[in-house]
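The values are calculated or read from the model by the stated rules, or taken from the named source; none is laboratory data. A quick note: this is a predicted structure, and the numbers were derived from the prediction, not measured. Cβ placement follows ideal geometry from the backbone for every residue including glycine, while neighbour counts extend to all protein chains displayed. When the accessible area is computed, the model is the full protein with side chains, heavy atoms only, and any ligands, DNA or RNA have been set aside. Shrake-Rupley method; radii C 1.70, N 1.55, O 1.52, S 1.80 Å.
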Amino acid sequence: MSHPDEEREALRRRCLELETEIRAYARYIRDKTNFMLEVIGTKSLEEDELNDQILIKLDPIGIVARSFRQILTNLNQTIDELREAKNELQAIFDATGVGISIIDRHFIIERCNEKQREMLVDPDVEQVSGRHCYEVYCNRSGPTSGCPALDSFETGKAALVREVQKKGRWFQLVTTPFSRSEDGRVNRVIEVAMDITEKKKVEDAEKELREFCQTERRKLATVIESLSEGLLVVDEEARIVSYNLAAEALTEQRLGENRHRPLVEAVAEFAPLLHPEAGNVQGVEVTLRTCKEADLLLSVNVRCLSDHEGRPLGRVLTFRDITEEKKRAELYHRAEKLASIGQLSAGVAHELNTPLGSVLGYARLLLKDKNLPDHLKNWAEIIAEQAKKSSTIIQGLLRFARQSSPAQRCLEDCQINEVIQRTLRVLSTELGKRKIELISDLQPVPDLLADPQELEQLVLNLTMNAMQAIGASGSIRIATSPSGDKVVLKITDDGPGIPEEIRFRIFDPFFTTKAPGEGTGLGLSLCSGIVSDLGGTIDIAEGKKRGATFIVSLPARHAVANSGEPHA
């Protein structure tokens, strides 16, 4: 064979070898590619889908290598991020203010942070992980029924224990499922422990303070309700906020029905005290008209309410009934005045008795002189008559001053109805002249232990006082009635009445509303003295617009005998 043919043959054999190698290489590439596709879950390549030439031209190994390189780069980046996240989570896990533990289904502690060790683990315990939680945290030999981890493992839900005491402190425990098995059972839980000792102390202190405040509030409410004085609290708009029972009783108003309404709608008399510029007031006297048309005198105090910063909140009104107190004070002053006047009257009477006796004696001697001229005799009669009148006034002064001797009084059983009838017979002529109708209503009453002459003077003075008040054309009603151990005498006229401003002065000696020369002002004061000596009372009925009613109350004979008290 020539040289060119040999070369051609060698070239042909070399091409066959290369073709065999290429097929083997393509088969290798195809097998490795199919293996990688099988790993990633993709269907293997078929020869009719991708022939050997195209497969070699695409270089899938190079593509896969580059892809793996990119995946490895991304994976390394993800690993770095996970490591950073893990470090951050560990820092949070250790730095958080609550204790955290991861506990598996066998109650073995996998991990716990430093706060958990500090709160629940004894200092001498070095190793916590791998030990049972009930042993390390609770110093027990097994889980108990109140264990929140046990509840979470059994129920598969989060569990909460609001208050548990360990190592002298109070904690709140919460367990939450952390991972589950394929059948849904909880494998691990996260337990979070929060120290609530300070919160517990604050709550206990608040509870104690609340109970103390409630106790003090009940005490204050009891004290307020037990007050005899009325108490009202109003807000800035003068609306009723609170009150006590005495306030309702004194004002005769259902204040509960007027709560949060203006006070002046319930008690209009308090309106001037609630003026915005009124401020604090002390002891202001307010006259309150009651439902029974009677006047009630109240002493009212008003104080402003404010908060801790001085802002106004409202006002407090306290008030009490001083009607009787006022009367007693006036009676006391009147008694003092009467005592002073009595001493003065006694002195004056004793000083005037002697010269008046001499004047009257000499006047009578002159009248016995038959040779006395008529005009002088008339003058002597006038002197004697005026001296007798002056003597009568002096005797009244002496009786008023209680200078008459008790031995001169003749106390005996008296029937006041008979005394009234005798006295009215004496006054019948004068009553007829004045055209005054006399109405008597004398009921059967017990006997009195009294001086008949004093009773006659009492009835006479009161009846004449009524006659003088009427003047002419009117009526007088005299009534008696029993009242327990008392005998009540009422003398009523239809005259002009007694003005309120002089009602408490009419029993004062020498006080009179009559014209000069018509009275001495001793009649009613003598009546008051007689009634007082007999242990009774005399007063004037209130609430009438016209006329006057004198009410005399005297103790019955049997009441005096039972009491054993002697008369003055």
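One table, with the values for the structure above:
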| quantity | calculated |
| --- | --- |
| Enumeration of residues in segment 271-328 that are open to solvent by 50 Å² or more (accessible area, probe 1.4 Å) and touching a Gly at 6+ places or on another chain (Cβ under 8 Å) | GLU293, CYS304, LEU305, ARG320 |
| Whichever residue in segment 426-440 is touching a residue at least 40 places away in the same chain (Cβ under 8 Å) and part of a strand (DSSP E or B) and, among such residues, is least open to solvent (accessible area, probe 1.4 Å) | ILE436 |
| Residues being touching a residue at least 12 places away in the same chain (Cβ under 8 Å) and either loosely packed, with under 11 Cβ neighbours inside 10 Å or not in a helix (DSSP H, G or I) (or both) - total across segment 194-228 | 5 |
| Contacts under 8 angstrom Cβ, first residue in segment 342-371 being at pLDDT below 80 and assigned to a loop (DSSP other than H, G, I, E, B), partner among the small types (Gly, Ala, Ser) and open to solvent by 80 Å² or more (accessible area, probe 1.4 Å), 6 or more apart | none |
| Residues of segment 216-261 classified as of a type in the set (Lys, Arg) and closer than 20 Å to HIS275 by Cβ, total | 2 |
| Options ARG503, ARG477: the member that is modelled with pLDDT of 90 or more and either within 44 Å of the chain's Cα centre (by Cα) or among the charged types (D, E, K, R) (or both) | ARG477 |
| Qualifying residues in segment 230-239 (those that are open to solvent by 60 Å² or more (accessible area, probe 1.4 Å) and in a loop (DSSP other than H, G, I, E, B)) - the one farthest from CYS291 (Cα to Cα) | GLU236 |
| Residues satisfying the stated conditions in segment 177-193, i.e. surrounded by 16 or more Cβ atoms within 10 Å (Cβ to Cβ) and modelled with pLDDT of 85 or more | PRO177, VAL186, ARG188, VAL189, ILE190, GLU191, VAL192, ALA193 |
| Lone unmet requirement of (1) out of contact with any Lys or Arg (no Cβ under 9 Å at 6 or more places or on another chain); (2) among the basic types (Lys, Arg); (3) farther than 30 Å from GLU88 by Cβ for ARG131 | (3) |
| Matching residues in segment 240-262 - criterion: being of a type outside the set (Asp, Glu) and either assigned to a strand (DSSP E or B) or under 29 Å from GLU500 (Cα atoms) (or both) | ILE240, VAL241, SER242, TYR243, ALA246, ALA247, ALA249, LEU250, THR251, GLN253, PRO262 |
| Per-region count, segment 476-486, residues out of contact with any Ser or Thr (no Cβ under 8 Å at 6 or more places or on another chain) and buried (at least 17 other Cβ atoms within 10 Å of the Cβ) | 1 |
| Qualifying positions in segment 121-137 - under 55 Å from the mean Cα position of the chain (by Cα) and open to solvent by less than 50 Å² (accessible area, probe 1.4 Å) | VAL121, TYR134, TYR137 |
| Single match in SER145, SER152 (criterion: without any contact (Cβ under 8 Å) to a residue 40 or more places away in the chain, surrounded by 11 or more Cβ atoms within 10 Å (Cβ to Cβ), within 52 Å of the chain's Cα centre (by Cα) and within 25 Å of GLY184 (Cα to Cα)) | SER152 |
